[in-house]
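A quick write-up on the structure given underneath.
The values are calculated or read from the model by the stated rules, or taken from the named source; none is laboratory data. Note that the structure is a prediction, hence the values are computed from the model and not measured. Here Cβ is always computed from backbone atoms with ideal geometry, including for glycine, and neighbour counts include all displayed protein chains. Protein only, heavy atoms only, side chains kept; ligands, DNA and RNA dropped before computing areas. Shrake-Rupley method; radii C 1.70, N 1.55, O 1.52, S 1.80 Å.
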Amino acid sequence: MSGEQPTRLIIDFGGSSTTGICSRYGEDAFFFDFDYRDYPPTQTGLEAILGKLDLHPGSGVEIVVTGGRSRDLPDQLTIPSVKHVDEIQAIGCGGLKTSGLSEALVVSLGTGTAMVMARKNENASIVVTHVGGTGLGGGTLMGLGAMLCHVRSFAELESLVEKGDREQVDLLVRDIVGSGIGILPPDLTAANFGRIARNPEHSPRREDLAAGLLNLVGQSVARLASTLA
């Protein structure tokens, strides 16, 4: 059909997964998340992604790649229209685009966590600056999740978290001083996994360990983000 928008495929070759967004003409965009081992940054990997999404090279598909592993893509590809975008630039511009804001600290919680300051100038161009981050992220969740909870996927970990009680592994402020203190509420975390250290004979359930793990990563990332903001 004349004037149709092309299909746009955006792929993030991350450290733990191959994720992305596909936008087809006349359809809602959809998100995908594949195992990075099955869909590597190679000619074969790109062809596998296109096949999985029922797309065909050379049929008007625009492909944009980013992420740390996208640098491994060979310079010569038989698939046309592959464009590389710097990961930090993608994080900053994508954050403003999806939020509708003109200025924001964008937090990308991937294998590790990157924090990017992005703002629109008067001429509507976007200035992006990497301002910090942490090694805590999805890689931490999956690595410790495998060791502590014996899970192999985030879906498994998430299922455990929903049934867990992080207070069975964390020490709270009230556990130490009996109540809140100053501006600190009584249920604030005083020590992640500190309850286990206080009572080594205490054996929390896998579900409780999962909840404590998610809390450890989530609170640490949020605290750093608020400080940088």
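Results, tabulated for the structure shown:
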quantity	calculated
The chain - charge dipole about Cα centre, Lys and Arg +1 at Cβ, Asp and Glu -1, debye rounded to 20	440 debye
log₁₀ of I(q)/I(0) at q = 0.08, 0.10, 0.13 Å⁻¹ - the chain, Debye sum with one point per alpha carbon	-0.41, -0.61, -0.92
Quotient of C-alpha Rg and 2.2 N^0.38 Å, computed over the range 163-203	1.17
Cα-based helix-to-principal-axis angle, 87-99 vs the chain, degrees rounded to 10	80 degrees
For the chain, the longest site-free run once GluC sites (Glu not before Pro) in DSSP loop states with at most 12 other Cβ atoms within 10 Å are removed	28-121
Protein accessible area in the range 108-163, 1.4 Å probe - carbon and sulfur %	55 percent
The range 16-95: chymotrypsin sites (Phe, Trp or Tyr not before Pro) in DSSP loop, at most 13 other beta carbons within 10 Å	Tyr25
Solvent-accessible area per residue, Å², over the range 90-229 with all protein chains present [probe radius 1.4 Å]	56 Å²
Difference of contour (0.36 nm per residue) and Cα-Cα distance, Asn123 to Ile176	13.7 nm
Largest-first principal axis extents of the Cα set of the range 98-171 (Å)	51, 26, 20
FRET efficiency for Glu162 and Arg198, using Cβ-Cβ distance with R0 set to 35 Å, rounded to 0.05	0.85
Where labels lie 7 Å past Cα in the beta-carbon direction, separation of Ser59 and Val131 in nm	4.4 nm
Cα shape, the range 177-229, gyration tensor, a/c 1.5 rule	oblate
Pairwise Lys count, the chain - Cα closer than 24 Å, eight or more residues apart or different chains	4
Surface share of carbon and sulfur [accessible, 1.4 angstrom probe, percent] for the range 4-49	47 percent
Diffusion coefficient, µm² s⁻¹, Stokes-Einstein with Kirkwood Rh over alpha-carbon pairs of the range 128-179 at 25 °C and 0.890 mPa s	181 µm²/s
Share of alpha-carbon pairs per 10 Å distance bin for the range 27-87, given as whole %	19, 59, 21, 0
Counting DSSP beta bridges with both ends in the chain, the antiparallel % (nearest 5)	75 percent
Value of relative contact order over the chain, rounded to a whole percent, pairs C-alpha under 8 Å and six or more apart	13 percent
Long-range amide H partners of Val65 with built H, under 5 Å	Ile11, Lys83, His84, Val85
Selected from Ile79, Tyr25, Gly137, residue furthest toward positive end of dipole (the chain; charges at beta carbon)	Gly137
Relative contact order (percent, whole number), the range 94-178, Cα cutoff 8 Å, 6+ residue spacing	18 percent
